[in-house]
1. Counting only residues that are open to solvent by 20 Å² or more (accessible area, probe 1.4 Å), in a loop (DSSP other than H, G, I, E, B) and in contact with a strand residue (DSSP E or B) (Cβ under 7 Å, 6 or more places away or on another chain), how many does the stretch 124-138 have?
2. If a residue must be under 12 Å from the mean Cα position of the chain (by Cα), open to solvent by less than 30 Å² (accessible area, probe 1.4 Å), more than 17 Å from residue 143 (Cβ to Cβ) and not hydroxyl-bearing (Ser, Thr, Tyr), how many such residues does the stretch 94-123 contain?
3. Against the definition (modelled with pLDDT of 50 or more, under 24 Å from residue 144 (Cα atoms), of a type in the set (Val, Ile, Thr) and assigned to a helix (DSSP H, G or I)), how does residue 224 come out, yes or no?
4. Return the residue satisfying two criteria in turn: it lies in the stretch 26-61 and is open to solvent by 60 Å² or more (accessible area, probe 1.4 Å) and of a type in the set (A, V, I, L, M), and of such residues it is modelled with the lowest pLDDT.
5. Just checking, how many residues over the stretch 139-174 are closer than 19 Å to residue 219 by Cβ and in a strand (DSSP E or B)?
6. Which numbered condition in (1) on the phi < 0 side of the Ramachandran plot; (2) out of contact with any Leu (no Cβ under 6 Å at 6 or more places or on another chain) is the only one that residue 135 fails?
7. Hey, any hits in the stretch 62-84 for a residue that's part of a strand (DSSP E or B), crowded, with 19+ Cβ neighbours inside 10 Å and small (Gly, Ala, Ser)?
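The values are calculated or read from the model by the stated rules, or taken from the named source; none is laboratory data. All values derive from a computational prediction rather than experimental measurement. Reconstructed Cβ throughout: ideal geometry from the backbone, glycine too, with neighbour counts over all protein chains shown. Side chains included, ligands, DNA and RNA excluded: accessible areas come from the protein's heavy atoms. Shrake-Rupley method; radii C 1.70, N 1.55, O 1.52, S 1.80 Å.
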Amino acid sequence: MKKGYRIGGWVLAICLVFWVTAATAQGTRTMTVDRGGARVIAIDGSAQVRIGGQGAPRALRVGERLADADEVATGPRSRIEMVLADGSRVRFADNTRFRLLEVEPGSQSRARSIRFNMIVGRVWANVARAIGGKGRFEMMAENSVAGVRGTVYRMDVNEDKSNLVRVYDGTVHVSGSAEAPTKPPAPAVIGPPTKVEGPKSIPGPRVVSMEEWVYILKSMQQIVVRPDGSADEPKDFAPEEDRDPWVDWNRARDQEADREGGADAAPQPRGGVPCEN
């Protein structure tokens, strides 16, 4: 009996070691998510995730929590919805790729800092008001940043790096996020010999920072950012020209969240009926 007890004790000890190791690893992941995190509450179609941006992608699951550095790709005819710890809701359309850069919901002692990197595709954000009006909530493309505190807006990022930002409610600050490429020199033209002036000092090529332009968009305004990082002037858009299944679905989800209320629903104003702040 003693021998059997000793063997059983060793087996129990080994099991405990494995359990503690697994729990520790899982606890580390949970702590990272609890510091910020984004919970997947709906998947229509398919999506894949690379945890920490490393390793092979795997299927994303409803109820899963994502954290900093996670990368997600939605499949064709697919879309997903996530709710953040601060009550904001973010939805991504089909054929969209994005990365979570930072997901800190904020508190009375710590400012909110939420940043997504949109690689390609479409995103709809219904942003909750920051606690005390502090912090940032940004959707970043390669050549622009759309930052808000509490509003409803969308960003479309195309394969050629151009993007569109449309605001439905609230105010969005849109600015350049990269450096414009320098203009290539014009090709040389061969002609008859001419007199050449002596050497003189000329300014060298200058890289123009895209931070040199910043626009403030209000309700029912849009801006187009071209592939080279330059931007058109903001302009108004009509609800009629904006109607499509993606917009209709998002508006319906926003209205449903309003009816449900609770911690997962972003506070008013919401995107059911656009209005000025």
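1. Number satisfying all stated conditions: 1.
2. 3
3. Numbers: modelled with pLDDT of 50 or more: yes; under 24 Å from residue 144 (Cα atoms): yes; of a type in the set (Val, Ile, Thr): yes; assigned to a helix (DSSP H, G or I): no.
Spelling it out, it is not the case that residue 224 is modelled with pLDDT of 50 or more, under 24 Å from residue 144 (Cα atoms), of a type in the set (Val, Ile, Thr) and assigned to a helix (DSSP H, G or I).
4. Checked the stretch 26-61; the qualifying residue modelled with the lowest pLDDT is 31.
5. Summing the residues that are closer than 19 Å to residue 219 by Cβ and in a strand (DSSP E or B) in the stretch 139-174 gives 18.
6. (1)
7. Initial filter on the stretch 62-84 (part of a strand (DSSP E or B)): 65-66, 71-74, 79-84.
Filter once more, keeping what is crowded, with 19+ Cβ neighbours inside 10 Å: 66, 71-74, 79-84.
Within this subset, residues satisfying the condition of being small (Gly, Ala, Ser) are 73.
Yes, the stretch 62-84 has at least one match.
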